[in-house]
Amino acid sequence: MTGSLPSDRRRFLAAGAAVLGGAASARLWLPDTARAAENALPDGVFSLGVASGDPLPDGVVLWTRLAPDPLNGGGMPDATVPVQWEVAEDERFRKVVRRGIALARTAYGHSVHVDVRGLRAGRTYWYRFRTGGQLSRAGRTRTAPAATSSGKNLRVALASCQNWQNGYFTPYADMLAQDPDVVVFVGDYIYESAPSATAVRRHEGTGEPYSLTQYRNRYAQYRSDPDLAEMHASAPFVVTFDDHEVDNDFAGEIPQDPAKQPHDAFVSRLTAAYQAYYEHMPVRATAVPNGPHIRMHRRLEFGRLVRLNVLDTRQFRSDQATSQAGAQDPKLTMLGAQQKRWLLDGLHGSPARWNLIASQIMMAETDLQIGEGKLWFYDAWDGYQAERNVLLDEFKSVRNPVVLSGDRHLTMISDLKEDYAKADSAVVGAEFVGTSISSNGDQDHAAFHKEWDPRMPDNPHWKVIDAHRGYHLFDIRRDRIDAQVRVVDTVLQPKSAPSTLATLRVDAGRPGVKLV
Ligand SMILES: [Fe+2]
């Protein structure tokens with residue numbers, strides 16, 4: 001992160017001040033122009049729905065964005081608009097426990113982020129917004145368990161990679177039925193690719209997004225998927241981004257194709273992309289971007305049962321290696337020195353039974369070379385091996401580390417090993433690579449296994465590899481994690497049939513994962 005403290009503080013206040021104490025005092029405080037703007041709003045301001053995220057024992061972030069014309073910049077007047085919010089203990093809002101007024105500002109795309117506090121731990125709440133006589137749909141959310149709670153069961157869904165053009169986001173319909181306490185989304189929430197005439201559903205616009213308005217339109221289109229909208233309205237999300245929220249395979253301020261995107265232009269693109277990301281995600285004001293910088297790595301606690309470390313593996317990484325030797329260069333970093341220290345401190349000092357790490361990209365080895373020798377992907381942790389191996393070594397003294405990843409558009413469930421160069425190396429943890437919601441669309445499963453099964457002997461740490469679309473579901477208890485790979489038969493239709501492809505188990509105190 002860069003930026004002086006005063007400017008950080010200004011940004012924080014600008015976004016944080018959007019939440020006022022109570023309706024009565026806010027009415028006195030609001031300028032006449034805000035009241036006038038509220039009274040002249042177009043219809044349909046709540047077209048993007050509602051969401052919640054980053055639950056705490058006493059609070060949660062509530063989100064909406066006013067956008068009566070969502071695919072054309074939003075369609076809001078250039079004015080600050082007051083938005084009332086309320087949180088209730090019941091679905092019918094008979095017992096409202098918190099309410100207030102937030103300000104939807106032009107500078108933040110008329111997004112609303114309310115950091116509600118004063119709630120009770122481990123409880124379900126309902127929330128909604130109102131402005132200019134228009135009422136949003138109601139959303140449901142859940143606070144985290146009390147800090148001292150040992151926790152009986154936490155149900156977590158792991159999702160990633162939802163390419164609009166590859167299919168409908170039907171796995172969320174099943175996720176909704178499974179009723180998770182929290183959804184962890186590890187990247188590729190949007191794809192920046194240009195509209196394709198042959199796609200199942202076509203991206204809006206005429207090309208890749210570069211400007212803030214273009215990214216806003218892309219997020220707005222994704223939010224129009226009914227299953228995604230319903231899931232956001234039904235459980236809190238904990239999100240982090242990967243590359244496609246900006247540009248395929250970017251690293252820090254280096255684009256995929258530096259010859260085509262000069263540095264200054266790419267910094268402008270990053271600035272637009274991060275701003276649109278913040279505007280559309282249910283995250284705290286700590287994630288308000290500072291130009292081309294955004295703070296996404298953070299920790300969430302679920303009593304003494306789970307500590308969730310959310311990583312940022314894009315912003316601080318070295319440029320990708322281009323050779324096998326380069327992938328082993330000890331100078332390459334994935335996390336940056338500061339984030340790496342923060343992660344290790346959080347792992348070793350954790351009071352939690354389970355230490356989850358949400359890493360956008362796969363940590364276990366993928367050896368693509370059948371037989372003698374190795375061949376790696378350079379964008380994943382395999383391309384940053386020295387740092388990966390340091391973490392794996394540290395995992396030996398961490399209580400029950402489990403890595404949750406995405407990116408691959410495959411289910412890959414693996415033992416994490418101390419050193420993949422040694423066949424008899426110790427198992428130090430488990431990793432779940434949670435396939436994709438829709439990216440890559442429906443696969444030819446016979447062709448997939450014909451290509452990938454011959455690599456199984458080279459990767460004996462893999463327990464399951466599969467190419468169905470879906471997500472992973474975890475029931476986390478003190479003594480074990482029961483995991484289900486939930487898949488759908490198709491994403492090429494708006495409705496699909498879900499099933500459990502595999503069930504697995506991680507036992508506390510016994511590193512690794514096993515098929516049940
Ligand atoms: Fe992806």
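The values are calculated or read from the model by the stated rules, or taken from the named source; none is laboratory data. No experiment lies behind these values; they were computed from the predicted model shown. Here Cβ is always computed from backbone atoms with ideal geometry, including for glycine, and neighbour counts include all displayed protein chains.
Some points to look at:
- Within the range 348-365, the set of residues being hydroxyl-bearing (Ser, Thr, Tyr) and either crowded, with 24+ Cβ neighbours inside 10 Å or touching a His at 6+ places or on another chain (Cβ under 8 Å) (or both) comprises 359 only.
- With respect to (1) more than 16 Å from the ligand (Cβ to nearest atom); (2) in contact with a strand residue (DSSP E or B) (Cβ under 9 Å, 6 or more places away or on another chain); (3) under 24 Å from residue 379 (Cβ atoms), the lone exception for residue 189 is condition (1).
- Residue match in the range 153-166 (condition: more than 16 Å from the ligand (Cβ to nearest atom) and more than 19 Å from residue 230 (Cα to Cα)): yes
- Residue selected from the range 378-411 under the condition under 14 Å from residue 359 (Cα atoms) and within 16 Å of the ligand (Cβ to nearest atom), by the criterion surrounded by the most Cβ atoms within 10 Å (Cβ to Cβ): 406
- Some residue of the range 287-302 being crowded, with 17+ Cβ neighbours inside 10 Å, among the acidic types (Asp, Glu) and part of a loop (DSSP other than H, G, I, E, B): no
- Given (1) of a type outside the set (Asp, Glu); (2) surrounded by fewer than 20 Cβ atoms within 10 Å (Cβ to Cβ); (3) away from the ligand (no atom under 16 Å from the Cβ), index of the condition residue 215 fails: (2)
- None of 123, 94, 99 is of a type in the set (Lys, Arg) and within 24 Å of the chain's Cα centre (by Cα) except 123.
- Residue list for the range 226-250, restricted to those being farther than 19 Å from residue 287 by Cα and either of a type in the set (Phe, Trp, Tyr) or within 16 Å of the ligand (Cβ to nearest atom) (or both): 228, 247, 248, 249, 250
- Residue match in the range 381-403 (condition: of a type in the set (A, V, I, L, M) and closer than 30 Å to residue 200 by Cβ): no
- Among the candidates 353, 304, 299, the residue that is charged (D, E, K, R) and in contact with a Ser or Thr (Cβ under 6 Å, 6 or more places away or on another chain) is uniquely 304.
- Considering 337, 364, 352, 430, the condition of being modelled with pLDDT of 95 or more, more than 16 Å from the ligand (Cβ to nearest atom), assigned to a helix (DSSP H, G or I) and among the small types (Gly, Ala, Ser) is satisfied by 337 alone.
- Screening residue 314 on (1) in contact with a strand residue (DSSP E or B) (Cβ under 9 Å, 6 or more places away or on another chain); (2) more than 16 Å from the ligand (Cβ to nearest atom) shows it passes everything except condition (2).
- Residue among 418, 394 that alone is more than 24 Å from the chain's Cα centre (by Cα) and under 25 Å from residue 322 (Cα atoms): 418
- Residues (assigned to a loop (DSSP other than H, G, I, E, B) and over 18 Å from residue 39 (Cα atoms)) located in the range 67-113: 70, 71, 72, 73, 89, 90, 91, 92, 93, 94, 95, 109
- Options 173, 199, 157: the member that is over 19 Å from residue 113 (Cβ atoms), in contact with a helix residue (DSSP H, G or I) (Cβ under 6 Å, 6 or more places away or on another chain) and in a strand (DSSP E or B): 157
- Only one entry of 104, 121, 159 meets the criterion of being crowded, with 22+ Cβ neighbours inside 10 Å and in contact with a Leu (Cβ under 9 Å, 6 or more places away or on another chain), and that entry is 104.
- Among (1) within 15 Å of the chain's Cα centre (by Cα); (2) away from the ligand (no atom under 16 Å from the Cβ) - the single one residue 202 does not satisfy: (1)
- Some residue of the range 440-458 being polar (S, T, N, Q) and in contact with a Cys (Cβ under 7 Å, 6 or more places away or on another chain): no
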